[in-house]
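The values are calculated or read from the model by the stated rules, or taken from the named source; none is laboratory data. Only a predicted model underlies this, so the values are computations on that prediction, with no experimental measurement involved. We place every Cβ from the backbone using ideal geometry, glycine too, and count neighbours over all the protein chains shown.
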Amino acid sequence: MDTANQLREAPVKTLFFKYYGPALISILSVTLHQVINGVILGQQVGKEGLAAVGLYGPVVTVFIALSLPIMIGGGIMMGKSIGARKYEDSQQIFQFATTLALTAGVSISLMSIFMIGPLAGFLAGKENALLLRSTTDYMLWQLAGIPFFFLRMIWGNFISNDNGPKISRNASVVAVSLNILLDLVFIIGLGWGVKGAAVATFFSMLGSLLYLFFYIQKGKTHFGFDRFRFTLRFGEWKTLLSFGLPSFASEISFSTGLLLINHNIVPYGPLAVSAFGLINYLSFIFLRPLTAAMIAAMPVMSYNIGAGLPHRVLGIFRFAVAFSFGLGLVIAGLGFFIPGLLVKVFSGEESAAFVAMAERATSLYFILFIAAGPNYILSAYLQNIKKVVASTLITVLKGLVLVVTLLLVLPGYFEMGLDGVWLSRSLAEILTLLFMGVYTSFYKERFYDPAVILAHK
């Protein structure tokens, strides 16, 4: 069975795991690097080194947001164009996306000279000089590598949508292998600490990008460099951005929500800020398998929309929701039953007060995983059928609106103090899923009817 027939005829569960396998391996390889990197930093630098990486999370989320409209929107259009056998459209999408990514990436890198100091001070506060310096060092090299980061995300997603999920996986393995090797050299060998971790990430991202470049150069995709030209002219740019708008809103809302949580934690002291950096780091790791489920479902949905097969779109959507919900329950259970083990592995030998605070934070914060996966899948499905408002509503509710509301009422009105801050994001995620699940089910003719899906081929 050739590729087109597989996507049209193979059982949706089989297709899901065909894409989930490479996506998970890719993400697990990145996660393995994060684990090793975290252990090295935790042991060599202490909680400040690891917290600096965690505190950078909201910042990198903003930059991910800038690339997602092109990455997700372009990926959906890429899958649909290939499903409809309109291959020239794929080349146009590739040229526009690459040009825009380079333009934005280089601009951000140049502006980062003026951004690093204020951002590091806002995130780390002024009381812990070591944490402030570690955060500044880490951000410097991370922001310098933003152009590589943008292109790596976009090219990898396009190749995956062009039936190359294993190639995107291999690129991640290349990055991880280089990063671990360079971590050992820079952090332990040269004693560069947090700066060494950032430098290692910079060069590993470059190596991964070169791997994707040479794969595209071989001509095995429906887009390439032979006919390539830099251009910001693209007739369907509004359609592309509309597909990607919910992802952009998601990351901006998510990042803003995290920054507000971080801001609400600062008054509780440096120990609480370091604990937040740790659980933020842990949550980024454990969100990866749920992200892989969304990555696996997206190409199958977009291809079958383009091919005019709505029953298969609904089939992959339902299976992905059920799968991600079950997986989220397992992850939430880890945070509830063994928070001490997670804290111990990543923080090294720390004070009893810090360990107790971090354990409590982890058990409350990890509740979010119960709803995070289904919210990802539902939002991705709504993006594919161009229900932009509904998809954006999910992301804004869980990432910002409900977080702000809960931060206002839980710590003070309900007198929950710091526990209320830890719970704000978890409850926002769960309430969003309950609201949007009931809403889309009540109006199912607007969201799940085959005619609605076919209207957006």
Cβ pairs under 9 Å, 6+ apart or interchain, first in the stretch 424-443 and in contact (Cβ under 8 Å) with a residue 60 or more places away in the chain, second part of a loop (DSSP other than H, G, I, E, B), ordered by first then second residue, are T440/K387; T440/Y448
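So that you can scan it fast, the table gives a plain yes or no per residue for (1) out of contact with any Leu (no Cβ under 9 Å at 6 or more places or on another chain); (2) of a type in the set (G, A, S); (3) surrounded by fewer than 24 Cβ atoms within 10 Å (Cβ to Cβ):
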position	(1), (2), (3)
Y138	no, no, no
G145	no, yes, yes
P165	yes, no, yes
V174	no, no, yes
S177	yes, yes, yes
I216	yes, no, yes
F223	yes, no, no
Of V321, V345, V355, the only residue that is on the phi < 0 side of the Ramachandran plot, β-branched (V, I, T) and touching a residue at least 60 places away in the same chain (Cβ under 8 Å) is V345
If you go through N163, N170, the only one that is in contact (Cβ under 8 Å) with a residue 12 or more places away in the chain and on the phi > 0 side of the Ramachandran plot is N163
Filtering the stretch 396-417 for residues that are over 23 Å from the mean Cα position of the chain (by Cα) and of a type in the set (G, A, S) leaves a count of 2
Here the residues within the stretch 248-285 that are touching a Ser or Thr at 6+ places or on another chain (Cβ under 7 Å) and under 16 Å from D419 (Cβ atoms) are I261, I279
Q. Any residue at all in the stretch 180-203 that is closer than 21 Å to G75 by Cβ, modelled with pLDDT of 80 or more and among the aromatic types (F, W, Y)?
A. no
Selection status of A197, assigned to a helix (DSSP H, G or I) and farther than 26 Å from E429 by Cα: yes
Within the stretch 410-423, the count of residues that are free of Cβ contacts under 8 Å to residues at least 12 places away in the same chain and surrounded by 14 or more Cβ atoms within 10 Å (Cβ to Cβ) comes to 1
Considering the stretch 157-179, residues that are part of a helix (DSSP H, G or I) and closer than 11 Å to P299 by Cβ, and then whichever is modelled with the lowest pLDDT, we arrive at P165
Of L407, L433, L400, the only residue that is of a type in the set (A, V, I, L, M), modelled with pLDDT under 90, surrounded by 15 or more Cβ atoms within 10 Å (Cβ to Cβ) and farther than 19 Å from N304 by Cα is L400
*Test result for E429, assigned to a helix (DSSP H, G or I) and of a type in the set (D, E, K, R)*: yes
Does the stretch 355-367 contain at least one residue that is over 30 Å from Y20 (Cα atoms), surrounded by fewer than 20 Cβ atoms within 10 Å (Cβ to Cβ) and among the β-branched types (V, I, T)?
yes
Among residues of the stretch 332-342 being without any contact (Cβ under 8 Å) to a residue 24 or more places away in the chain and surrounded by 14 or more Cβ atoms within 10 Å (Cβ to Cβ), the residue farthest from I279 (Cα to Cα) is I338
(1) closer than 19 Å to M153 by Cα; (2) of a type outside the set (D, E, K, R); (3) modelled with pLDDT of 80 or more; (4) touching a Gly at 6+ places or on another chain (Cβ under 9 Å) all hold for L240 apart from (3)
Given the conditions (1) of a type outside the set (A, V, I, L, M, F, W, C); (2) over 18 Å from V343 (Cβ atoms); (3) in contact with a Phe, Trp or Tyr (Cβ under 9 Å, 6 or more places away or on another chain), every one holds for Y281 apart from (2)
Over the stretch 59-105, the set of residues under 20 Å from the mean Cα position of the chain (by Cα), among the polar types (S, T, N, Q) and modelled with pLDDT of 75 or more is T98
* To do: Could you please let me know if V389 is at pLDDT 90 or above, among the hydrophobic types (A, V, I, L, M, F, W, C) and on the phi < 0 side of the Ramachandran plot?
  => no
